[in-house]
1. Just one of the numbered conditions (1) within 30 Å of residue 287 (Cβ to Cβ); (2) out of contact with any Phe, Trp or Tyr (no Cβ under 8 Å at 6 or more places or on another chain); (3) at pLDDT 95 or above is not true of residue 72; which one?
2. Which of the strands (runs of 3 or more DSSP E) found entirely inside the stretch 50-149 contain at least 3 residues meeting this: in contact (Cβ under 8 Å) with a residue 40 or more places away in the chain and closer than 30 Å to residue 40 by Cβ?
3. Looking at the stretch 40-49 only, could you name the residues that are modelled with pLDDT under 90 and either in a loop (DSSP other than H, G, I, E, B) or surrounded by fewer than 12 Cβ atoms within 10 Å (Cβ to Cβ) (or both)?
4. Just for the stretch 159-173: of the residues that are surrounded by 10 or more Cβ atoms within 10 Å (Cβ to Cβ) and part of a loop (DSSP other than H, G, I, E, B), which one is farthest from the chain's Cα centre (by Cα)?
5. Is it the case that residue 178 is in contact with a Cys (Cβ under 8 Å, 6 or more places away or on another chain) and in contact (Cβ under 8 Å) with a residue 24 or more places away in the chain?
6. Where residues in the stretch 41-77 are aliphatic (A, V, I, L, M) and over 14 Å from residue 15 (Cβ atoms), which of them is farthest from the chain's Cα centre (by Cα)?
7. Any residue at all in the stretch 186-195 that's among the hydrophobic types (A, V, I, L, M, F, W, C), over 30 Å from residue 52 (Cα atoms) and at pLDDT 85 or above?
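The values are calculated or read from the model by the stated rules, or taken from the named source; none is laboratory data. Predicted, not measured: the structure shown is a model, and the values here were computed from it. Glycine also receives a Cβ, built like all others from the backbone with ideal geometry; neighbour counts cover every protein chain displayed.
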Amino acid sequence: MAKQANALTTKTGTIYQAISGFYYVWAEGESYATKPRGNFRHQQMKPLVGDRVIFELDLEDTASQGRIIEILPRENQLIRPAVVNVNYALIVMSLVEPEFSYNLLDHFLVSVELYHIEPIIILTKYDLLLEQVPLAEAQARIAQIRTVYQQIGYRCLVLDDEVARLTEIKDLIEQGIYVVMGQSGVGKSTLLNKLLPQANIETGEISDYLNRGRHTTREVTLYRLGEGLLADTPGFSALEFEEMDKEDLAQYFPEIWRAGEQCRFRSCLHQQEPGCHVKVEVEAGNIAESRYQNYCQLFTKITQRKPIYNKKKK
């Protein structure tokens, strides 16, 4: 006998995990196992972790799975890892082993600015740094890093074994989807295990080979933390900017973009052009030399990038 129409209800929620064709959705404080409707495949539509979806439930059969009937519009989409609608990125950078790199951090910041994701910088391995250098030198290094990035407007926190430091990070988590990203071996999984002890996320040891850590994260999962959803993501060792034009690069360096509004020429790329206000700000110390040099390096990389022909549209 056919089910009555009023036996079905719809809910809206967020996909937090995808395993073997099943999509697990948080909705109204509960978890639901769902599968997408059949015509999604014909429309070349695939739900992704982070998607806001509308799904149907059979009220008369509580053991049945839900059926996703609509994927709501996405705000953004990360390719590696495959997660969408990301609001914040916790960018984890170690102070030592591997050594802190302004260049790599700026690459990460540009990559999240590109997707309109708000970054939060977290510095790890402070205790290890203290084993290698005197306290005054360790504090000076951290102060220098914070000075560079806090004057831009970025939040920059230090994580060590103190409970107060972890609480400070937890207090930042509000409603939205967060990703944790950074170079392999900097302590992403360690941070996630501290934030989400129930998740028991696998951690890896630092590889001596090329001073890189082994990739230990296998799948993307969103974990509930307060009002937010926190994703464990694979560590990146290299970043590419294939979609970015050189004319757009400056807008992903907020302080360079603001200073560029006062350049003599609207089309100034802050290279060799006369009347470049960005260079004036660099010389005055209002823009960090490292930031400008990393901007120039990325600019050159994009300029020298080989053209890609017959590229498929996303």
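1. Condition (1) is where residue 72 drops out.
2. Per the criteria, 52-58, 66-71.
3. Filtering the stretch 40-49 for residues modelled with pLDDT under 90 gives 40-46.
Result: 41, 42, 43, 44, 45, 46.
4. 162
5. Taking the combined requirement at face value, the residue does not satisfy it.
6. Looking at the filtered set, the residue picked out is 59.
7. Yes, some residue in the stretch 186-195 is among the hydrophobic types (A, V, I, L, M, F, W, C), over 30 Å from residue 52 (Cα atoms) and at pLDDT 85 or above.
Here's the yes/no breakdown for (1) within 27 Å of residue 112 (Cα to Cα); (2) touching a Leu at 6+ places or on another chain (Cβ under 8 Å):
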site: 10; (1), (2): no, yes
site: 35; (1), (2): no, no
site: 69; (1), (2): no, no
site: 72; (1), (2): yes, no
